[in-house]
1. Please state which of the following conditions Phe117 fails to meet, knowing it meets all the rest: (1) more than 7 Å from the ligand (Cβ to nearest atom); (2) buried (at least 17 other Cβ atoms within 10 Å of the Cβ).
2. When only residues in the range 24-35 that are in a helix (DSSP H, G or I), closer than 25 Å to Thr127 by Cα and not hydroxyl-bearing (Ser, Thr, Tyr) count, which is farthest from the ligand (Cβ to nearest atom)?
3. Which numbered condition trips up Phe26, out of (1) in contact (Cβ under 8 Å) with a residue 60 or more places away in the chain; (2) open to solvent by 60 Å² or more (accessible area, probe 1.4 Å); (3) in contact with a helix residue (DSSP H, G or I) (Cβ under 8 Å, 6 or more places away or on another chain)?
4. Is it the case, given these coordinates, that Ser53 is without any contact (Cβ under 8 Å) to a residue 40 or more places away in the chain and not acidic (Asp, Glu)?
5. Assuming Phe19 fulfils every condition listed in (1) open to solvent by 20 Å² or more (accessible area, probe 1.4 Å); (2) more than 10 Å from the ligand (Cβ to nearest atom) apart from one, which condition is it?
6. I want to confirm something. Restricting to the range 61-105 and keeping residues that are touching a strand residue (DSSP E or B) at 6+ places or on another chain (Cβ under 8 Å) and in a loop (DSSP other than H, G, I, E, B), which single residue is least open to solvent (accessible area, probe 1.4 Å)?
7. Does Gln58 count as surrounded by 16 or more Cβ atoms within 10 Å (Cβ to Cβ), more than 7 Å from the ligand (Cβ to nearest atom) and farther than 29 Å from Asp133 by Cβ?
8. Of all residues in the range 36-50, which are within 8 Å of the ligand (Cβ to nearest atom) and in contact (Cβ under 8 Å) with a residue 40 or more places away in the chain?
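The values are calculated or read from the model by the stated rules, or taken from the named source; none is laboratory data. Predicted model only: the values in this text are computed from it and were never measured. Every residue, glycine as well, gets a Cβ built from its backbone with ideal geometry; the counts of neighbours run over all protein chains shown. Only protein heavy atoms, including side chains, enter the accessible area calculation; ligands, DNA and RNA are left aside. Shrake-Rupley method; radii C 1.70, N 1.55, O 1.52, S 1.80 Å.
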Amino acid sequence: MSDTPALTLYDEVGGMDPFEELVRRFYDDVQADEVLWPMYPKEDLEGAIWRLSRFLAQYWGGPSTYSEQRGHPRLRMRHVNFHVNPDARGRWLKHMTAAVDSMEFSPIARQQLLAYFDRAATAMVNTFEPTPDGERTTESR
Ligand code: HEM
């Protein structure tokens, strides 16, 4: 331990590894979700894990690897082709909350992460239409 206090949440939780572990646990749950999983790229799960974990690490003060590789996040724009209705938002947030709670974050880090995820997930909602049967995603890229 150094005497320098952690300045960012990225440092506070212990750097990249905990972010990647958090996202792996999140995707473990998402794979069992009948509404969310059809939206995700099954053939590129490792890529999805990389993108979300690097985005989060960057957001919380870690290295800007995400933007170097992917450009400006523009998250709402990147989600417009996914059917993110309140049900999908609730499921996403439930899995992320479970993942956060499974980690050994400090109470303040946990609280900051959960407050952020709650807000960010609301911002991603782009439809109030029910999830269409058999047509849960549209072409995304
Ligand atoms: C509200 C429900 C949400 C749904 C249903 C959803 C769904 C998805 C899907 C299907 C992808 C494509 C996976 C990939 O190829 O990377 C994706 C990507 C991504 N999502 Fe979400 N998402 C949600 C909320 C959020 C939130 C709250 C955040 C941030 C806190 C977020 C951050 C990201 C990032 C960073 C990517 C990768 C973007 C890229 O570089 O292409 N998502 N999301």
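1. Among (1) more than 7 Å from the ligand (Cβ to nearest atom); (2) buried (at least 17 other Cβ atoms within 10 Å of the Cβ), Phe117 violates only (1).
2. The residue in question is Asp29.
3. It fails just one condition, (2).
4. Spelling it out, Ser53 is indeed without any contact (Cβ under 8 Å) to a residue 40 or more places away in the chain and not acidic (Asp, Glu).
5. Failing condition for Phe19: (1).
6. Checked the range 61-105; the qualifying residue least open to solvent (accessible area, probe 1.4 Å) is His83.
7. Criteria met by Gln58.
8. Within the range 36-50, Leu36, Met39 qualify.
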